[in-house]
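The values are calculated or read from the model by the stated rules, or taken from the named source; none is laboratory data. Bear in mind that the values here come from a model prediction, so they are computed numbers and not experimental data. Because the Cβ atoms are built from the backbone with ideal geometry, glycine has one as well, and the counts that use them run over all protein chains shown.
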Amino acid sequence: MDGLMMDFPLTLAHLFERAAAYFPDTELVTRRPDKTIHRSTYREFHARVQRFANALKRLGLRPGERVATLAWNSTRHLEAYFAVPLAGGVLHTLNPRLSPADLTYIMNDADDRILLVDDVLVPAWERFRKDVRPQHVIVWGHGAAAPEGTVDYEALIAPELPVFAIPRLEEGQAAAMCYTSGTTGRPKGVLYSHRALVLHSLASALPDALGLSASDVMMPVVPMFHVNAWGLPYTAVMTGTKQVFPGPHLDPQSLLSLVQEEKVTFTAGVPTIWLGILEALDKAPKAFDTSSLKVMVVGGAAAPQSMIEGFERRHGLHVLHAWGMTEMTPLGTVCRLKPHLQRRPEEERFRIRASQGLPAPLVEVRAVGEDGAAVAWDGKAMGELHVRGPWVARSYFQNPAEADKFTMDGWFRTGDIVTIDAEGYMRITDRSKDLIKSGGEWISSVDLENALMGHPAVKEAAVIGAPHPKWSERPVACVVLREGARATENELREYLEPLFARFWLPEAFVFVEAIPRTAAGKFKKSALREQLKDFRFAGT
Ligand code: AMP
């Protein structure tokens, strides 16, 4: 119809060109593995991304093909965030903390054609190298010769032209992908379209969402392999914001020194990171100047109220609690107080701020009770959270197995159990998915149970997550031994050791007579959690 808007695809190409045109001198800072600082600008970034995109084409990357990264947060990783999708490919970030078996499965499932590896993560890659078949492996090195069978990134891009003819990109085409844990069985891939990433960046930058501007200095502590560092590097390119990448050094001293030296205003990460920082600040409140910090976004697991209070009361630092998921690019809700709530007593304000908050614009939520109807907004009735919106996945990549998570009427079932109060603030109270989140990383209880039940002395085993002061949750294995059989905690741990990543191993084993079951004969995890509600890990 005449008089309507032009057909303007929402793609990362626009964000990319905008940063270089209007913010060419804005800095990109990375802490290298040897702890020295690397500085560049959006101007240099713009040229290097185009060189890299030309190199990807020369290597034969075809539209829609996946390019994997195994890397910490760095400016080079940001180059891949743009070069791969601008060349028509799909950026697939791998989590180096996963077990070699999971990394093998994920790379093969995604059919990654090219792999980019940080030199410091080459040993992690060596552990599954023989089981995967990328056509090219490119190493992000620091002067040393690239290992045999790999190409050095700088040598690869140096001869290329700094001008790349971006092909016509459709907003609906995939730009990036991440895998998330399956409750049972294999990890599942989620594809992010250009449109989803652009709209997500726009909404995320709004002042009542995460809020990002060209005047900020943004340090993503959340890894770039965790849902694109929550989309923040894309958002920051859109807003022309200076970015500070901590590389492999995520200890409190390294992070606090970056805050001080780079005058970071905005940072984001999981509770385990902030709990470590709070401890460091409590021990030595004056050791670092943190006065530039305006907001610390906490998500990925519940932010403890005592942590939010501790930062604010003892150090004048503001924590902003947010909730999201891999399937949601990931932003779902943000907890900012509505103006009239800001006038409530301090105690109540902190209580609300520990909830997961209100949905970002364009995200719709509903909490569905056991009867299938939406629960009342009374802060008490519990229901499973369903979400929908332009950056919510509509299926998993090549995986019909968990199709029931996507409802017939267009909602995604999150597996989080929530209440919603009269103001619309959502609070997570439980999780229906059989997973444990430790330090921001998933652990499958079912996989641990199945492995434990393979031990000759074990009759039954159920694994639940128990609250942990540092890791948010840690796995506790409840074990029923066969009649007459014996096994110690150490024996069981040693039995699991070769099968899982170290952080998966149960923190504690509890020997029980029986495991509570539902009428259908399944383990009743809610009853088990209730039985163990006073459980404390040794030394906590
Ligand atoms: P992921 O897909 O790995 O980002 O994990 C998403 C899941 O992590 C959610 O469905 C929640 O179970 C949990 N989660 C994320 N953010 C929070 C939060 N702020 N509070 C409590 N749980 C969270």
For residue 488, work out the one condition from (1) exposed (fewer than 14 other Cβ atoms within 10 Å of the Cβ); (2) of a type in the set (S, T, N, Q); (3) closer than 30 Å to residue 278 by Cα it doesn't fulfil.
(3)
Some residue of region 196-214 being away from the ligand (no atom under 16 Å from the Cβ), among the charged types (D, E, K, R) and over 23 Å from residue 56 (Cα atoms):
yes
Here are some residues: 180, 150. Which one is surrounded by fewer than 23 Cβ atoms within 10 Å (Cβ to Cβ) and within 16 Å of the ligand (Cβ to nearest atom)?
180
Here the residues within region 101-111 that are at pLDDT 95 or above and surrounded by fewer than 20 Cβ atoms within 10 Å (Cβ to Cβ) are 104, 105, 108, 109, 111
Tally the residues that are more than 12 Å from residue 88 (Cα to Cα) and either among the basic types (Lys, Arg) or modelled with pLDDT of 95 or more (or both), restricting the search to region 173-195.
10
Note: among 496, 492, just one is among the aliphatic types (A, V, I, L, M) and closer than 15 Å to residue 436 by Cβ, namely 496
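Is region 430-444 home to any residue that is in contact with a strand residue (DSSP E or B) (Cβ under 9 Å, 6 or more places away or on another chain), of a type in the set (Asp, Glu) and free of Cβ contacts under 8 Å to residues at least 24 places away in the same chain?
The answer is no, given that none of the residues of region 430-444 is in contact with a strand residue (DSSP E or B) (Cβ under 9 Å, 6 or more places away or on another chain), of a type in the set (Asp, Glu) and free of Cβ contacts under 8 Å to residues at least 24 places away in the same chain.
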Per the list (1) small (Gly, Ala, Ser); (2) touching an Asp or Glu at 6+ places or on another chain (Cβ under 8 Å); (3) part of a helix (DSSP H, G or I), residue check on residue 145 breaks on (3)
So residue 74, is it polar (S, T, N, Q), buried (at least 21 other Cβ atoms within 10 Å of the Cβ) and farther than 28 Å from residue 435 by Cβ
yes
Return the total of residues in region 240-255 being surrounded by fewer than 23 Cβ atoms within 10 Å (Cβ to Cβ) and free of Cβ contacts under 8 Å to residues at least 60 places away in the same chain.
4
Determine which single condition residue 108 fails, assuming it passes every other condition in (1) touching a Leu at 6+ places or on another chain (Cβ under 9 Å); (2) free of Cβ contacts under 8 Å to residues at least 60 places away in the same chain; (3) of a type in the set (S, T, N, Q).
(1)
Of residues in region 112-154 being touching a Lys or Arg at 6+ places or on another chain (Cβ under 8 Å) and farther than 15 Å from residue 79 by Cβ, the one modelled with the lowest pLDDT
142
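Identify the residue in region 380-389 that is within 8 Å of residue 367 (Cβ to Cβ) and either of a type in the set (Phe, Trp, Tyr) or part of a loop (DSSP other than H, G, I, E, B) (or both) and, among all such residues, is nearest to the chain's Cα centre (by Cα). Spell out the reasoning first.
Filtering region 380-389 for residues within 8 Å of residue 367 (Cβ to Cβ) gives 381-386.
This time we only want the ones that are either of a type in the set (Phe, Trp, Tyr) or part of a loop (DSSP other than H, G, I, E, B) (or both), so: 381-382.
Values: 381: 29, 382: 26 Å.
So, considering only residues that are within 8 Å of residue 367 (Cβ to Cβ) and either of a type in the set (Phe, Trp, Tyr) or part of a loop (DSSP other than H, G, I, E, B) (or both), the one nearest to the chain's Cα centre (by Cα) is 382.
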Looking at region 271-299 only, could you name the residues that are closer than 20 Å to residue 31 by Cα and buried (at least 24 other Cβ atoms within 10 Å of the Cβ)?
274, 277, 296
Kindly provide the set of residues from region 349-379 that are more than 29 Å from the chain's Cα centre (by Cα) and of a type in the set (Asp, Glu), ordered by number.
370, 371, 378
Looking at (1) buried (at least 19 other Cβ atoms within 10 Å of the Cβ); (2) within 30 Å of residue 318 (Cβ to Cβ), can you tell me which one residue 208 breaks?
(1)
Test for residue 392: is it within 15 Å of the ligand (Cβ to nearest atom), β-branched (Val, Ile, Thr) and assigned to a loop (DSSP other than H, G, I, E, B):
yes
Output for region 141-168, where each listed residue is in contact with a strand residue (DSSP E or B) (Cβ under 8 Å, 6 or more places away or on another chain) and aliphatic (A, V, I, L, M):
145, 146, 151, 156
Is one or more of the residues making up region 374-385 within 11 Å of the ligand (Cβ to nearest atom), buried (at least 22 other Cβ atoms within 10 Å of the Cβ) and either within 19 Å of residue 272 (Cβ to Cβ) or at pLDDT below 95 (or both)?
no
Is at least one residue of region 275-292 closer than 30 Å to residue 405 by Cα and either within 24 Å of the chain's Cα centre (by Cα) or basic (Lys, Arg) (or both)?
no
Just one of 144, 176 is over 22 Å from residue 111 (Cα atoms) and aliphatic (A, V, I, L, M); which is it?
144
If only one of 126, 65, 79 is buried (at least 23 other Cβ atoms within 10 Å of the Cβ) and not aliphatic (A, V, I, L, M), which one is it?
79
Collect the residues in region 448-472 that are buried (at least 18 other Cβ atoms within 10 Å of the Cβ) and within 16 Å of the ligand (Cβ to nearest atom), keeping them in residue-number order.
464, 465, 466, 468, 471, 472
Might you check whether a residue that is within 30 Å of residue 99 (Cβ to Cβ), crowded, with 22+ Cβ neighbours inside 10 Å and among the polar types (S, T, N, Q) occurs anywhere in region 37-51?
no
